[in-house]
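The values are calculated or read from the model by the stated rules, or taken from the named source; none is laboratory data. Keep in mind that this is a model prediction, so the values were computed, not measured. No Cβ is skipped: glycine too gets one built from the backbone with ideal geometry, and neighbour counts run over all protein chains shown.
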Amino acid sequence: MIRSEGTVVHRRGILLGVAALALVATGRKAQAAALPQVMIATSLGDIVIEIEDKKAPITAANFLGWVDRGVYSGGSIYRAVTRANDRGKPMIEVIQGGRGIEWEDKVPGVAHEPTTLTGLRHLDGVISMSRDKPGTATTEFFICIGDQPALDAGGGRGSDGLGFAAFGRVIKGMDVVRAIQAQPTTGKAPDAYVEGQMIDPPVRIEAIRRLAGG
C-alpha cells in the first residue's frame with residue numbers, strides 16, 4: 001500500500017509538472033503573439049491603439065516607422081466628419097489626423113492592403129490610412145466612430161472600390177475620439193469637399209509613441 005500510494009504521488013507529480021510546462025508554453029505563445037500598442041497623446045487626452053502588424057504588415061510597418069522616427073510630434077487631428085457635414089456617399093463618421101495633408105505629396109506611399117486581403121473591417125474604433133489613389137497612403141490616418149462598412153473594399157466609398165487600409169483599433173480612449181469629433185469644424189478648408197470638416201483649432205498631437213512591450 002505504501003509503495004502503491006507513493007507511485008500515485010509520483011505520477012501526480014509528473015502530471016503536475018507537465019501541466020506547469022504547458023502553462024509556461026501557452027504564456028510564451030501569448031506573449032509572442034501580443035500586438036504592438038501605441039499611445040496617441042493629444043491636447044484633449046490620450047488614445048491607445050493596438051496595431052494589427054500580423055494581419056496588415058505593410059500598413060502597420062509604415063505607421064510604426066513614422067511613430068519610431070517621431071514624425072507625429074507636433075502634428076494634429078484636423079478633420080472631423082459627421083453625418084451633418086459629410087459630402088460623400090455613403091456617409092461616414094471619422095476623425096483624421098497626422099502631419100497634414102501636404103505631407104502626402106512629400107513622402108512615398110505604401111502598397112495598399114485592402115480589407116479583402118487583411119480580413120480587417122472598419123468597425124467602431126478602427127484606425128485606417130487616408131489615401132487618394134491606391135498606394136498613396138503615407139502619414140495620414142483616421143479613426144472610425146461607429147461601424148463604417150462603406151470604407152471596406154467594395155463598400156462604396158471611393159471610385160476604385162478598393163476601400164481603405166485598416167491596421168488597428170482603439171482599445172482605450174474612445175471618449176477622447178468622440179470629444180475630438182465634437183470640436184468646432186469652422187477651420188479653413190483646402191478644398192470644397194472638406195468644407196465644414198476642418199477642426200478649429202486643430203487638436204494638437206503631443207506625440208505618438210510605442211507603449212512598453214510594443
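See the values below:
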quantity: Selected residue [over 18 Å from G65 (Cβ atoms), in the same structural domain as G75 (by TED's automatic domain parsing), out of contact with any Lys or Arg (no Cβ under 9 Å at 6 or more places or on another chain) and not charged (D, E, K, R)] from G155, G119; calculated: G155
quantity: Positions within region 93-107 being charged (D, E, K, R) and exposed (fewer than 15 other Cβ atoms within 10 Å of the Cβ), in sequence order; calculated: E102, D105, K106
quantity: Residue within region 120-132 that is farther than 24 Å from A41 by Cα, under 17 Å from the mean Cα position of the chain (by Cα) and modelled with pLDDT of 95 or more present; calculated: yes
quantity: Region 55-92, subset among the polar types (S, T, N, Q) and closer than 14 Å to P36 by Cα, residue surrounded by the fewest Cβ atoms within 10 Å (Cβ to Cβ); calculated: N62
quantity: Single residue of A41, A80 found to be within 15 Å of the chain's Cα centre (by Cα) and in the same structural domain as K188 (by TED's automatic domain parsing); calculated: A41
quantity: Flag for L117 being out of contact with any Leu (no Cβ under 7 Å at 6 or more places or on another chain) and assigned to a loop (DSSP other than H, G, I, E, B); calculated: no
quantity: Residue in region 1-9 that is in a loop (DSSP other than H, G, I, E, B) and at pLDDT 95 or above present; calculated: no
quantity: I180 vs. criteria of a type outside the set (D, E), more than 14 Å from the chain's Cα centre (by Cα) and within 26 Å of S73 (Cα to Cα); calculated: yes
quantity: Residues within region 72-88 that are of a type outside the set (G, A, S) and in a strand (DSSP E or B), tallied; calculated: 4
quantity: Verdict on I205 being over 15 Å from the mean Cα position of the chain (by Cα) and within 22 Å of A84 (Cβ to Cβ); calculated: no
quantity: Test: T185 is modelled with pLDDT of 95 or more, touching a Gly at 6+ places or on another chain (Cβ under 7 Å) and either among the small types (G, A, S) or over 19 Å from E52 (Cβ atoms) (or both); calculated: yes
quantity: Only listed residue being more than 18 Å from P36 (Cβ to Cβ), surrounded by fewer than 19 Cβ atoms within 10 Å (Cβ to Cβ) and basic (K, R), chosen from R178, R131; calculated: R178
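Residue by residue, here is whether (1) touching a Gly at 6+ places or on another chain (Cβ under 6 Å); (2) of a type in the set (A, V, I, L, M); (3) outside any loop (DSSP other than H, G, I, E, B); (4) assigned by TED's automatic domain parsing to the domain that holds I180 holds:
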{"residue": "T59", "(1), (2), (3), (4)": "no, no, yes, yes"}
{"residue": "L64", "(1), (2), (3), (4)": "no, yes, yes, yes"}
{"residue": "G70", "(1), (2), (3), (4)": "no, no, no, yes"}
{"residue": "P90", "(1), (2), (3), (4)": "yes, no, no, yes"}
